[in-house]
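Below is one structure, written out as structure tokens; comments come after it.
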Amino acid sequence: MTFSDIFSDPMVREIVFRALTVGSLVSLCAAVLGVSLVLRRYSMIGDGLSHVGFFALSVAAALGLGTTNSLEISIPIVIFAAFLLMKLTESGVMKGDAATAVVSTGAVAVGVVIFTFAQGSMTSDICSSLFGSASVVTLTDKDLILSIVMSVLVIALYLVFYRLVFSVTFDEGFAKASGAPVSFCNLLISVLTAVVIVVGMKLIGSIMISALVVFPALTAMRLAGSFKRVIGIAGAVSVICFVLGFFAGCLLGLPTGPCVIIVNMTVYALCALCKRGN
Amino acid sequence: MSRILTCTDLTLSYEKQAVVSELNIHVDEGDCLCILGENGSGKSTLVKALVGLIKPQRGTVIYEGLKRHEIGYLPQQSAAQKDFPASVEEIVLSGTLPRSMGYIKKENRLEAEKNMELLGILPIRKKSFAALSGGQQQRVLLARAFCAAKKLLVLDEPVTGLDPLVSAELYSIIEEKNATEGLTVISVSHAPERACHTASKILHLGGGGAQFFGTADEYLASEIGQKYLCADDHHHHHGERRKVQ
């Protein structure tokens, strides 16, 4: 595929436009939430939740819904998992990293078994839900609308509770001592993360989606010294990397997810090197 | 003076080991309570229980006429905080959050500015917290605690790791707040002599359940107090001698 192919054929243009819209919105949300997650040492929570997302896809397949029609099922399942992870950690039953590892690997194991039962054998469905689609994904009208609504909701809630999120991210103990609703804030962040992961999984694949949470935040933290700027830069870097990675994938005939992440990795590496040079 | 905080038969445990047992103390408005004791005697655990971060195993902590959002707390710094990308101003402003959850109001900004000025960090308000020295970071966290502390300020080792000059300055600012504004202060301290000068009440948590609670004068006269202060004296002289050599 070349650039002129993308822009001349109306069918291709439509597909590309949808993927770009959903992808940019998801990248933006993931990066913004990612700053809080990385700073609180919860980088792996995105990874845990995306594996639960894979499990949810297998349930959708078993119910005959197919992987294209799965958001209604995956969103509640992944939100529930986010809630469970938070409670496990808060109650001290398990440490955060152990809880994430248990939920994440357990979900993949059960998911693969369900997929295999549902479809008789390991199929390309498993492969595409783990690694993202091998070509540009066809997103339905419903996917498009749902992901726009979800992204607007995520950004709006984040802005409304920005001060609370900052305070809890910087110092949970202080916030709790002066009566801030810390549990609510933690719940908010995990539910929003769950939503973003599920929406983004289709494009990037469940194994790699958490990179969108982690890389832009790390890059932004190299570049800025205030929280507001880190959030802004992370969002911008994430959207730019997605667009670059997406087109690179289209032109080279490579899957979207890995390309986007390789671009993110390169940008981070460049920033790290430049800073060291200073 | 009216009572604002009472602990009754308070027993606390840390990782399933009882560290504070059967503690009975009370704090009145305008008090300055200093908590002294050796490392591992449960000072931090007690402070966390006082501000509601951990639940008592037995007994109660009761506030009277004191609401959660009137408490300013200065915790010990965590490792994750030291390289946190936030500006000085953002952090100090977060101290006003409990009383205004939504957007930052003008009065919040004014309050943050007042406390930044008090602690001498107004000129570095745009700087990143991660780029500051330990002493400056502690000033920022203290300014934030001041923003939150309408009635009660709870400090967990406010000057650990700071040089003596900065420590003395921070102590003076805190004492000033206590003396002039009537702000109630509860502070874990490593400087017993200074504590005895300024504190209205002293709590000494000793190892093995030994406890003392009373006024500074009573503490100076008590066996536990003399032992501790004497040990501290020794330590200081020893240090000076070493410096001379």
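The values are calculated or read from the model by the stated rules, or taken from the named source; none is laboratory data. Every value quoted in this text rests on a predicted model; they were computed, and no experiment measured them. Counting neighbours? That spans all protein chains shown, and the Cβs are built from the backbone with ideal geometry, glycine included.
The table that follows gives values for the structure above.
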read-out: Residue among B:158, B:164 that alone is crowded, with 18+ Cβ neighbours inside 10 Å and either over 23 Å from residue B:112 (Cβ atoms) or not hydrophobic (A, V, I, L, M, F, W, C) (or both); value: B:158
read-out: Identity of the residue in segment B:82-98, within 7 Å of chain A (Cβ to nearest Cβ) and in a helix (DSSP H, G or I), that ends up modelled with the lowest pLDDT; value: B:98
read-out: Some residue of segment A:40-57 being surrounded by 21 or more Cβ atoms within 10 Å (Cβ to Cβ), within 14 Å of chain B (Cβ to nearest Cβ), within 24 Å of residue A:211 (Cβ to Cβ) and modelled with pLDDT under 90; value: yes
read-out: Matching residues in segment B:121-149 - criterion: being within 11 Å of chain A (Cβ to nearest Cβ), touching a residue at least 60 places away in the same chain (Cβ under 8 Å) and either touching a Lys or Arg at 6+ places or on another chain (Cβ under 8 Å) or closer than 22 Å to residue B:43 by Cβ (or both); value: B:141, B:144, B:145, B:148, B:149
read-out: Failed item in (1) away from chain B (no Cβ under 14 Å); (2) under 16 Å from residue A:78 (Cβ atoms), with residue A:188 passing the rest; value: (1)
read-out: Filter result (touching a residue at least 24 places away in the same chain (Cβ under 8 Å) and assigned to a helix (DSSP H, G or I)) within segment A:153-163; value: A:153, A:154, A:155, A:157, A:158
read-out: Among the candidates A:46, A:106, A:23, residue that is more than 17 Å from residue A:128 (Cβ to Cβ), within 17 Å of the chain's Cα centre (by Cα) and not basic (Lys, Arg); value: A:46
read-out: Output for segment A:6-24, where each listed residue is surrounded by fewer than 13 Cβ atoms within 10 Å (Cβ to Cβ) and within 21 Å of residue A:240 (Cβ to Cβ); value: A:7
read-out: Identity of the residue in segment A:58-68, outside any helix (DSSP H, G or I) and either buried (at least 18 other Cβ atoms within 10 Å of the Cβ) or of a type outside the set (A, V, I, L, M, F, W, C) (or both), that ends up modelled with the highest pLDDT; value: A:64
read-out: Leading residue by the ranking (nearest to the other protein chains (Cβ to nearest Cβ)) among those in segment B:40-77 that are assigned to a loop (DSSP other than H, G, I, E, B) and farther than 18 Å from residue B:148 by Cβ; value: B:54
read-out: Segment B:201-225, residues that are over 25 Å from residue B:13 (Cα atoms) and touching a helix residue (DSSP H, G or I) at 6+ places or on another chain (Cβ under 7 Å); value: B:216, B:219, B:220
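Residue-by-condition table, conditions (1) crowded, with 22+ Cβ neighbours inside 10 Å; (2) among the β-branched types (Val, Ile, Thr); (3) over 30 Å from residue A:61 (Cβ atoms):
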residue: A:160; (1), (2), (3): no, yes, yes
residue: A:173; (1), (2), (3): no, no, yes
residue: A:179; (1), (2), (3): no, no, yes
residue: A:198; (1), (2), (3): yes, yes, no
residue: A:205; (1), (2), (3): yes, no, no
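Here is a yes/no grid of residues against (1) more than 14 Å from every other protein chain (Cβ to nearest Cβ); (2) out of contact with any strand residue (DSSP E or B) (no Cβ under 6 Å at 6 or more places or on another chain):
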{"position": "A:177", "(1), (2)": "no, no"}
{"position": "A:182", "(1), (2)": "no, yes"}
{"position": "A:195", "(1), (2)": "yes, yes"}
{"position": "A:199", "(1), (2)": "yes, yes"}
{"position": "A:217", "(1), (2)": "no, yes"}
{"position": "A:240", "(1), (2)": "yes, yes"}
{"position": "A:248", "(1), (2)": "yes, yes"}
{"position": "A:261", "(1), (2)": "yes, yes"}
{"position": "A:265", "(1), (2)": "yes, yes"}
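Residue-by-condition table, conditions (1) at pLDDT below 85; (2) assigned to a helix (DSSP H, G or I):
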site	(1), (2)
B:161	yes, no
B:172	no, yes
B:179	no, yes
B:186	no, no
B:204	no, no
B:224	yes, yes
B:242	yes, yes
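Yes/no per residue for (1) modelled with pLDDT of 75 or more; (2) more than 23 Å from the chain's Cα centre (by Cα):
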| site | (1), (2) |
| --- | --- |
| B:197 | yes, no |
| B:210 | no, no |
| B:213 | yes, no |
| B:216 | yes, no |
| B:221 | yes, yes |
| B:239 | no, yes |
